[in-house]
Amino acid sequence: MIRLPRRLAASAPGWTIEVDVVVVGSGVAGLTTALHARAAGYRVLIVTKAQVDEGSTRWAQGGIAAALSPDDSPAEHEVDTLVAGAGLCDPGAVHALVTEGPDAVRRLIALGARFDTDESGDIALTREGGHLRDRIAHAGGDATGAEISRALVAAVAGRAGIRVIENALALDLLVDDHGAAQGLTLHVMGEGQHDGVGAVLAPAVVLATGGLGQVFSLSTNPAVATGDGVAVALRAGAAVADLEFVQFHPTVLWTGTGAEGQQPLVSEAVRGEGAVLRDDAGVAFMQGQHPLADLAPRDVVAKAIMRRMRETGAKHVWLDAREFGTEMWERRFPTILASLREIGVDPSKELIPVAPAQHYASGGVRTDAYGRSSVRGLYAVGECACTGVHGANRLASNSLLEGLVFASRIGDVLAEGLPERRDPVAPSADGVLMSEAARRSIQVAMTEGVGVLRSRDSMSTTLGVLDALASSVTGDPRTKAWETTNLHAVATVLAANAKMRKETRGSHWREDYPDTDDASWHVRLVSRLDDDGVLVTVREDVPQPDEGVKEEQAWA
């Protein structure tokens, strides 16, 4: 039996703000939600953990996927997404993503986002792994996320009725005597009247906190990605799903054996432009592994790299993009080029050392197709949510699109009326706080036992470490300790669900169960904490795509 805390240890709120909608997170999903909520006439507060532009969105290199070309269609994008999701996508969510996606991108452009264009002035489109069409729009070559963040931050900054509190960590959900969300507590770091723990009262709480990258030793995620939204939802009794499906990006820049924390990403778009993976002997080993070779879905490429590294004993493989030449590198991939030059690599003349690292969480807070969680008044959007759109493996560049589309859908729901505003009740459980010193142990245990390669024994060892760390408590409430407690909760559920799923599917690779088992495991694992903090996991049936889409999948 696994038991987790239902509340963080923190001092009583010393101040209170009352709004209509509070959005936790300032990436593409959070800022877009805030704009839609404000358009519906509500008073909106954005709570962000660092500065408003420091989330995961700004680090997105490759681009945003949408059927924008005349020779493409949402139906084709739908097939590619379902194929990548390895049978666990929610077909309705995928259909919403691909059909509403093009207009969502156009609205983003209307807000001021500037995408790269071709010689005719149309949006320049490229291809990434798993896509059978060129449908990836990019900005600044490989700085798409930074441009989207810039445009949205500017839109929010000029909008009356939207307030932003920076350097604030969300702690726990406030609920009424019906169990519905009525706001949250948070800790604001720094000077001013809102220093310390306070409370935001709002009948609509939207979690848009991004990923859980710091659960692992190496990640492409920024340091603020500590799974806070998923942990807040868990402690509130909300359902989470698909946490076992963690995408490891196959081509993260290898910077040495002592590296830890956020690592530079070498975007999949580099392979989309023709770069090839090679081993130490120079063999292009993706040939014959998949019909798309180096542009196969990310789970396929990551597994192939890990197999080759294991076979040869190498610490990394190589990405060969020497044919691009300096001019193309400077024009198309200036951000990546700068990272390479920092470690002394000239990609126009030398091979690039790469290896897989944690990149994206396909699971999160379980929501319906309009962002509603199992707790009334609590919504989730973006990477911290699980709409079912990604299934067992996210298709490249669908994440920014997901943030746009489902933020708009939450806006549609809120425009119909807010949940009932009621007084929150005092928490029923005592708070718990882990020592921040446990963070490194959590990360090492998760990387070694629940990384790209998983087995019953490796995950049992990790769960043993996590259980032992659960008694590592501290009497010093502060940001690092709160984050560590969140990391521990998310890691525990992730590891438990990964051990439970006895098959290999998408980004979940079991060495002891190497095959996909549709007869037993064509299900979604949905977990929540009961009133005593005991983890309860159930199987949820996954809807099947209609016959026409299944035929297209088979053809693909």
Going by Cα centres, region 438-479 and region 207-248 are how many Å apart?
15 Å
Low-density loop cleavage sites - trypsin sites (Lys or Arg not before Pro) in region 318-413, where at most 10 other Cβ are within 10 Å (DSSP)
K349
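Let me check against my output: what whole-number percent is the relative contact order of region 276-338, with C-alpha pairs under 8 Å and at least 6 apart? Write down the numbers at each step before the final one.
Numbers: 43 pairs, mean separation 21.3, N = 63.
Relative CO of region 276-338 lands at 34 percent.
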Return the long-range amide H neighbours of D517 (sequence gap of 5 or more, or a different chain), with a cut-off of under 5 Å between placed amide H atoms.
T504
Just to be sure I understand: of the beta bridges DSSP finds with both ends in the chain, what percent are antiparallel, rounded to 5?
65 percent
Show the residues, 5+ positions off or on another chain, whose built amide H is closer than 5 Å to the amide H of C386.
G364, V365, R366, T367
Spelling out what I want: for every residue of region 100-113, take phi, set θ = phi - 60°, compute 6.51 cos²θ - 1.76 cosθ + 1.60 (Karplus), and round to whole Hz; glycine and proline get x.
8, x, x, 5, 5, 5, 5, 5, 5, 5, 5, 6, x, 5
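Contour minus end-to-end for H522 and E260, with contour as 0.36 nm per residue of separation and end-to-end as the Cα-Cα distance? Show your work: numbers first, answer last.
Working: separation 262, 0.36 × 262 = 94.32 nm, distance 3.49 nm.
Once the chain is fully extended between H522 and E260, it gains 90.8 nm.
Only Lys, Arg, Asp and Glu count, each charged at its Cβ (+1, +1, -1, -1), so figure out the dipole size of region 59-196 about its Cα centre, rounded to 20 debye. Please list the in-between numbers first.
Working: 9 positive and 22 negative charges, 68 e Å.
Dipole size: approximately 320 debye.
Determine Rg/Rh for the chain; Rg is computed over alpha-carbon atoms and Rh is the Kirkwood hydrodynamic estimate from the same atoms. The partial results should precede the final answer.
On the way: Rg = 22.1 Å, Rh = 23.4 Å.
My calculation puts Rg/Rh at 0.95.
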Karplus (6.51, -1.76, 1.60) ³J(HN,Hα), θ = phi - 60°, over region 303-308, in Hz, Gly and Pro reported as x
5, 5, 5, 5, 4, 5
If you line up the long axis of helix 479-500 against the longest principal axis of the chain, both from Cα atoms, how many degrees apart are they, to the nearest 10?
60 degrees
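Restricting to DSSP loop positions (anything but H, G, I, E, B) with no more than 10 other Cβ atoms inside 10 Å of their own Cβ, which GluC sites (Glu not before Pro) remain in region 346-421? Write down the numbers at each step before the final one.
Details: sites: E350, E383, E402, E416, E420; in loops: E350, E416, E420.
Counting only loop positions with at most 10 other Cβ atoms within 10 Å, the GluC sites (Glu not before Pro) in region 346-421 are E416.
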222 nm mean residue ellipticity, helices alone, for the chain (DSSP H n ≥ 4; -39,500 (n - 2.57); rounded to 500)
-10000 deg cm²/dmol
J(HN,Hα) series, region 207-223, from Karplus relation 6.51 cos²θ - 1.76 cosθ + 1.60, nearest Hz, glycine and proline x
8, 9, 8, x, x, 10, x, 6, 5, 10, 5, 10, 7, 8, 6, x, 4
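Using alpha-carbon pairs under 8 Å, 6+ residues apart, how would you state the relative contact order of region 436-537 in percent? Write out the running numbers ahead of the final one.
Values: 105 pairs, mean separation 28.3, N = 102.
The value is 28 percent.
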Can you list the residues, at least 5 places off or on another chain, whose amide H is less than 5 Å from the amide H of A66, using H built in the peptide plane?
A137
Cβ-derived FRET efficiency at R0 51 Å, A281 paired with R421, nearest 0.05:
0.20
Can you sort S507, S373 from fewest to most other Cβ atoms within 10 Å of each residue's own Cβ?
S373, S507
When T257, T504 are arranged by how many other beta-carbons sit within 10 Å of their Cβ, fewest first, they go T257, T504
Place +1 on the Cβ of every Lys and Arg and -1 on the Cβ of every Asp and Glu in the chain, take the dipole about the Cα centre, and give the residue among S348, S73, T185 whose Cα lies farthest towards its positive end.
T185
Helix axis angle, 28-39 relative to the chain longest principal axis, alpha carbon, degrees
50 degrees
For the charge dipole of region 398-451, defined by +1 on Lys and Arg C-beta atoms and -1 on Asp and Glu C-beta atoms about the Cα centroid, which residue among G417, Q443, N398 has the Cα displaced farthest towards the positive pole?
Q443
Hand me the GluC sites (Glu not before Pro) from region 105-151 located in a DSSP loop with no more than 10 other Cβ atoms within 10 Å, in residue order please.
E119
Quote the charge dipole size of the chain about the Cα centre in Debye, to the nearest 20; the model charges only the Cβ of Lys and Arg (+1) and of Asp and Glu (-1).
1000 debye
Say the dipole of the chain comes from +1 at the beta carbon of Lys and Arg and -1 at that of Asp and Glu; which of V206, L152, A139 then lies farthest toward its positive end?
V206
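When V240, V493, V473 are ordered from fewest to most other Cβ atoms inside 10 Å of their Cβ, what list results?
In order of increasing Cβ crowding within 10 Å: V473, V493, V240.
What full-extension length gain, to one decimal in nm, is calculated for R3 and K349 as 0.36 nm per residue of separation minus the Cα-Cα distance? Numbers along the way, then the final one.
Values: separation 346, 0.36 × 346 = 124.56 nm, distance 5.38 nm.
Working it through step by step, the gained length comes to 119.2 nm.
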Quick one: if you stick a label point 7 Å off each Cα along the C-beta vector at M189 and T117, how many nm between them?
4.2 nm
For D457 and V536, compute 0.36 nm times the residue count separating them, minus their Cα-Cα distance, and round to one decimal in nm.
26.2 nm
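Since every read-out is calculated from the coordinates, none of them should be taken as a lab result. Everything numeric in this text was worked out from a predicted model, so none of it was measured. Because the Cβ atoms are built from the backbone with ideal geometry, glycine has one as well, and the counts that use them run over all protein chains shown.
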